[in-house]
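Read through the structure below, which is laid out as structure tokens, and then see the notes.
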Amino acid sequence: MPSLLVETVGMTAAALTTLCWAPQTVRIIRTRDTRAISLVTQATLASGVLLWIAYGCLLGSIPLIAANAVTLALVTAILIMKLRFG
């Protein structure tokens, strides 16, 4: 499979799965309503994303590291707001 196609698919997937957390983060910042957010799910997701970053570091994959770093920032923000706002 051509390398450009593989990279394009990977970058598109990374962008979509990273950006999907932005609307939720913005909504919580605006409303301060976290009742529908599961603390366990967010903590588990943050742990998994942290491991993806470690995996990306082991592979030396900047796109993998960057996408997951942004995801971790958004998920951590949601986690902190869940702890703060209940």
Within the range 30-43, which residues are assigned to a helix (DSSP H, G or I) and loosely packed, with under 12 Cβ neighbours inside 10 Å? R30, T31, V40
L79 vs. criteria buried (at least 18 other Cβ atoms within 10 Å of the Cβ), of a type outside the set (S, T, Y) and farther than 12 Å from A14 by Cβ: yes
So which pairs qualify, if the first residue must be in the range 1-27 and under 16 Å from G56 (Cα atoms), the second must be at pLDDT 90 or above, the Cβ gap must be under 6 Å, and the two must be at least 6 apart or on different chains? A14/A67; T18/A67; T18/V70; T18/T71
Looking at the range 28-45, which of its residues are of a type in the set (A, V, I, L, M, F, W, C) and under 12 Å from R84 (Cα atoms)? I28, I29, L39
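Quick grid of which residues meet (1) in contact (Cβ under 8 Å) with a residue 12 or more places away in the chain; (2) on the phi < 0 side of the Ramachandran plot:
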{"position": "A36", "(1), (2)": "no, yes"}
{"position": "V70", "(1), (2)": "yes, yes"}
{"position": "L83", "(1), (2)": "yes, yes"}
{"position": "G86", "(1), (2)": "yes, no"}
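The values are calculated or read from the model by the stated rules, or taken from the named source; none is laboratory data. Owing to the predicted nature of the structure, the values given are computational and were not obtained by experimental measurement. Neighbour counts are summed over all protein chains in view; Cβ atoms, including those assigned to glycine, are modelled from backbone coordinates with ideal geometry.
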